[in-house]
Amino acid sequence: MARIASIKGRLLYNSRGSKTVEIDVITDNGDVGRVCAPSGASVGKYEAISFPDNSPEKGLEILKANEKKFIGLDPSDLKSIHEALREIDSTSNYSKIGGSIAFSLTIAATESAAKSEGIPMFKLLTKDSDLKFPFPLGNILGGGAHAGPGTPDIQEILVCATGSKTIRDSIEVNLSVHKELGKILAKKDPGFTNGRGDEGGWAPKLNNEQALEVAARACEQLGFTLGKEVSLGVDFASTTQWNENKKKYVYDRAGFENTPEEQIDFAAEIIKKYKLAYAEDAVHEEAFEDMAILTKKFPNILITGDDLLVTNTEILKNAAKKRACNAAILKVNQAGSLYDAIEFAKEASKNNIKLITSHRSGESSDSHISHIGIATKSKMLKVGVMGGERIAKLNELLRISEYDLIRGMVEI
Ligand code: PEP
Ligand code: MG
């Protein structure tokens, strides 16, 4: 059995050009697991903090000072690595060492173990042999915290090839919709610069309604029927709009405000009109009862909590009790360590809450989350459509398909 022989951390940059950390975990066989941490722009109040005092350098220093705690551990024993990490930082939000260190270290250890055993990483994370591909879910049009002024308040309009039978087809369909939308936008506005938001979705000067209309048109022009071959999704990221003083959702760019009741109707109308398969954070991060209303109203749509749950097992238990959502985003760096995230995944499946493993808006070109999405039996893998750091995750799914270990697509 391999043992961790050394750990090396370095300062790198993410897709937004911000500082981040990368960690190598090296086994005594010389196998290297290497993971670079992502970061969010729309960050939930209760998620793990990325770095102590906002300093990646400080996180790396703390790791270096504590390297010995990990030497000699079995890199496939996620629990023991998590426990060693918790000896350094027992805070609920990893404020001492930083969630980015927890993220990179635990996934890098897992990757090094998989390499030592000569198996793909997803095989190390699950004993289950009945594995299927999650449907790629990707941003085709960005707004909110992911794009500049003039773009929609809504953060993400997403596409998912819900009718696809193979992973390659599902990726190609998403790519075709992204490209078609680009053509429509260029025709609609001769001044359109081909600008894209943080996750690679187009960033046009359109309001929410216009943005949804063009997204739907892109699908239909390709001959797809919404809700059949292709479905749209929306990440409302409503915490961005929520104004705690006014107790209203303030849509600055579109110029209107919604009471909590109006916000539920606003989201419900969009879900119905565009036959969405997926609606994320349609209300703000603490509005569990309001989410429960939507969940009850749309039992067949993935009513998904992201900022609402922040990949936190205790918050998920509370949400499950209140039937606040039927689906949950899994972002490992919101939780901190991969161990925390796997515990979250177990709790979700216990409560019949479907998982969507997700990237962050600030990403690296790593593709470990493609393995994590498969191993956690996620229904969708939210990793974007276009852009080097997004396509890296999709390309990894195609490499994984060569193993012949995965039989088709999940049932949503
Ligand atoms: C999201 O909100 O789902 C998202 C991926 O964005 P961020 O990483 O900015 O939270
Ligand atoms: Mg979100």
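The values are calculated or read from the model by the stated rules, or taken from the named source; none is laboratory data. Values in this document were obtained by computation on a predicted structure and should not be read as measured data. Using ideal geometry, Cβ is built from the backbone for each residue, glycine included, and neighbour counts are taken over all protein chains shown. Just the protein is used for accessible areas: all its heavy atoms, side chains included, with ligands, DNA and RNA removed. Shrake-Rupley method; radii C 1.70, N 1.55, O 1.52, S 1.80 Å.
Scanning for something under 19 Å from the mean Cα position of the chain (by Cα), more than 24 Å from Gly227 (Cα to Cα), outside the structural domain of Phe224 (by TED's automatic domain parsing) and buried (at least 24 other Cβ atoms within 10 Å of the Cβ), does region 85-95 turn up at least one residue? Explain how you work it out, then say what you get.
Pass one, region 85-95, residues under 19 Å from the mean Cα position of the chain (by Cα): 93.
Keeping just the survivors that are more than 24 Å from Gly227 (Cα to Cα) gives 93.
Filter once more, keeping what is outside the structural domain of Phe224 (by TED's automatic domain parsing): 93.
So of that shortlist, the ones also buried (at least 24 other Cβ atoms within 10 Å of the Cβ) come out as none.
Within region 85-95, none of the residues are under 19 Å from the mean Cα position of the chain (by Cα), more than 24 Å from Gly227 (Cα to Cα), outside the structural domain of Phe224 (by TED's automatic domain parsing) and buried (at least 24 other Cβ atoms within 10 Å of the Cβ).
Would you mind stating whether Glu280 is surrounded by fewer than 20 Cβ atoms within 10 Å (Cβ to Cβ), out of contact with any Cys (no Cβ under 8 Å at 6 or more places or on another chain) and not assigned by TED's automatic domain parsing to the domain that holds Arg86?
Numbers: surrounded by fewer than 20 Cβ atoms within 10 Å (Cβ to Cβ): no; out of contact with any Cys (no Cβ under 8 Å at 6 or more places or on another chain): yes; not assigned by TED's automatic domain parsing to the domain that holds Arg86: yes.
Considered against the rule, which asks whether it is surrounded by fewer than 20 Cβ atoms within 10 Å (Cβ to Cβ), out of contact with any Cys (no Cβ under 8 Å at 6 or more places or on another chain) and not assigned by TED's automatic domain parsing to the domain that holds Arg86, Glu280 comes out as no.
Does Ser401 satisfy the criteria of being open to solvent by 10 Å² or more (accessible area, probe 1.4 Å), closer than 24 Å to Gly118 by Cβ, touching a residue at least 60 places away in the same chain (Cβ under 8 Å) and away from ligand 1 (no atom under 13 Å from the Cβ)? Even if it seems obvious, please write down each step before you answer.
Details: open to solvent by 10 Å² or more (accessible area, probe 1.4 Å): yes; closer than 24 Å to Gly118 by Cβ: yes; touching a residue at least 60 places away in the same chain (Cβ under 8 Å): yes; away from ligand 1 (no atom under 13 Å from the Cβ): yes.
Yes.
With a cut-off of at least 2 residues that are touching a residue at least 24 places away in the same chain (Cβ under 8 Å), name the strands (runs of 3 or more DSSP E) lying wholly within region 241-347. Let's see the steps before the verdict.
Details: elements: 248-251, 256-258, 278-280, 302-305, 327-330.
In region 241-347, 248-251, 278-280, 302-305, 327-330 are the strands (runs of 3 or more DSSP E) which contain 2 or more residues that are touching a residue at least 24 places away in the same chain (Cβ under 8 Å).
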So is Ile412 touching a strand residue (DSSP E or B) at 6+ places or on another chain (Cβ under 9 Å) and open to solvent by 30 Å² or more (accessible area, probe 1.4 Å) or not? yes
Selection within region 209-242 - open to solvent by less than 20 Å² (accessible area, probe 1.4 Å), more than 16 Å from ligand 2 (Cβ to nearest atom) and out of contact with any helix residue (DSSP H, G or I) (no Cβ under 8 Å at 6 or more places or on another chain): Ala211, Ala216, Ser231
Search region 150-164 for residues being surrounded by fewer than 24 Cβ atoms within 10 Å (Cβ to Cβ) and within 18 Å of Cys219 (Cβ to Cβ), and hand back the single one that is nearest to the chain's Cα centre (by Cα). Thr162
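Do we have Lys273 as over 27 Å from Ser100 (Cα atoms) and more than 16 Å from ligand 1 (Cβ to nearest atom) here? Step through it out loud before you land on a result.
Values: over 27 Å from Ser100 (Cα atoms): yes; more than 16 Å from ligand 1 (Cβ to nearest atom): yes.
In short, yes.
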Being more than 19 Å from Thr126 (Cβ to Cβ), among the aliphatic types (A, V, I, L, M) and touching a residue at least 60 places away in the same chain (Cβ under 8 Å) is the filter here; which residues of region 90-116 pass it? Ile101, Ala102, Leu105
For region 150-200 the number of residues that are polar (S, T, N, Q), more than 20 Å from Ile270 (Cα to Cα) and touching a residue at least 40 places away in the same chain (Cβ under 8 Å) is 5
Lone unmet requirement of (1) touching a residue at least 60 places away in the same chain (Cβ under 8 Å); (2) open to solvent by 10 Å² or more (accessible area, probe 1.4 Å); (3) among the charged types (D, E, K, R); (4) assigned by TED's automatic domain parsing to the domain that holds Thr225 for Lys123: (4)
